[in-house]
Every structure is written in structure tokens, then in C-alpha cells.
1. Over 10 Å intervals from 0, what percent of Cα-Cα pairs in segment 92-206 sits in each interval?
2. Taking only the alpha carbons of the chain, what extent do you get along each of the three principal axes, in Å, biggest first?
3. Based on the alpha-carbon set only, what is the convex hull volume of segment 67-159 divided per residue, in Å³?
4. Take a quick pass over segment 1-148 and tell me how many lysine pairs come in under 19 angstrom between Cα atoms, counting only ones 8 or more apart or on separate chains.
5. Taking the simple approach of a point 7 Å from Cα along Cα-to-Cβ for both residue 187 and residue 154, what is their distance in nm?
6. So what is the accessible area of the chain per residue, in Å², with the probe set to 1.4 Å?
7. Take every Cα pair under 8 Å in segment 1-152 that's 6+ residues apart, average their separations, divide by the length, and report that relative contact order as a whole percent.
8. Which shape class, rounded, prolate or oblate, goes with segment 140-202 when its Cα gyration tensor gives a ≥ b ≥ c as root eigenvalues, a/c under 1.5 marks rounded, and past that a/b bigger than b/c marks prolate?
Amino acid sequence: QSAYLASRGMVAVCAEYRTKNGHQATPDKCVEDGKSAMRWVRHFASDLGIDPHRIAASGGSAGGHVAAATATVKGFNNELDPKVDCTPRALVLFNPVYDNGPDGYGHDRVKDYWESFSPMHNLDEKTPPTIVFLGSQDRLIPVETAETFQSQMRALGLRSDLHLYEGQGHGFFNKNKYEETLYQTDLFLTSLGLLTGEPTFQPEAE
């Protein structure tokens, strides 16, 4: 996805964050790292050839949560970060685990601070335009969760696009529907003025 968007003229930055398996990190540190990465990009935007007002955030699964958190969650900031806003201009989320409430994914891991941690529970009028891709057979995120997120966004007067793929499971966007989801991502970013021109490919017809 990053290579394609770079070919379309974007500067694509693949951010890493600490994880439980690799660093024994807790979920709050994952979000802290994601917000730090966004602040780093914006702080060094001129050096990177980036317009600081046209930065999008994207991710899949847990990475989708981290991306969404950069736009919604107010806490979990590193005190050493530059004092710049980490909110992206747009969100592109692939089967994100963005509901961490009592009935959401991973609640037991964040039960002490879920209310300030769950992106879906921290939406406000400043949440950026969002596109979400989800398979109907996702074992982690029910379709109802994605529909609730969309309805809450729209109730705030915000743009929220939802693309559901029948029969697809978790991680489908890297496999069966890679081209289709990437094509829709291109159209979404173009509609917001973050890309210009037409996509450079057409997804295969089914």
C-alpha cells in the first residue's frame, strides 16, 4: 500500500511501535508510540517534503486502532515529544480494533483505562474524515461495530465511509481484496485533495 501511494506522489512513512511480543509493551505504549510517530512526521515535515496540513494516518487491525487513536485519543502522550498536534487530516482503517469497550476487542487488556483509550468512545467534531474496510466474517470486529462507528461519526456531521466485503475475514485487505481496497483508498484520498489525478490501476473485475 505504501509503495503504491508513494508512486502516486505521497511521502509514505511506515511507522513502527512497540508491541507485547517484541517489547513486552502494554497497549497504552502502542498508542503513545503512534502519536509520537505522527508528531515526528509533522515536526520534520519541511525536511521530508511533506505538507504538515495534509498528513493521513492508516493501519490495519491493531495498527488501525493506533492510527485511529492519533485522531481521537487525547491522552497517552510522551512528554519528550515536540509540542505539535498529532491529529491526521484523514484516516484509512483496515479492519481496525477501534472499539475497546466492555463488548469490544481487547477490553480485558485495557479495562483500567478503556474509556480514554477506545477510539470509538472518543469521537468528537474534530475527528477527521475516515474510510473503513471490513470483512463480513471478521472474527474480531463485528459488522455492527463498524456500522455503529459510522453512525456516530455521521451524527457528528463527519464523513465516514464504510466498505464491507462479504465472506471476508480478518486481514483480507492484504490478500483477496488488496487491489479493491487500495483502489478505494486512492479514490478517498483524492476526494479529500490528498492525491490528484486518477488511480494508476483498475481492480480486477470479479
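1. Cα pair-distance distribution for segment 92-206, in percent: 13, 39, 35, 11, 1.
2. Largest to smallest, the principal-axis extents are 46, 43, 37 Å.
3. About 100 Å³ per residue, rounded to a whole number.
4. The number of close lysine pairs in segment 1-148 is 13.
5. About 1.7 nm separates the two model spin labels.
6. Accessible area per residue, the chain: 52 Å².
7. 20
8. oblate
The values are calculated or read from the model by the stated rules, or taken from the named source; none is laboratory data. Treat the numbers as computed from the prediction; the structure is a model and nothing was measured. All Cβ positions, even for glycine, are placed from backbone atoms using ideal geometry, and neighbour counts span all protein chains on display. The area values use the complete protein model at the heavy-atom level, side chains included, leaving out ligands, DNA and RNA. Shrake-Rupley method; radii C 1.70, N 1.55, O 1.52, S 1.80 Å.
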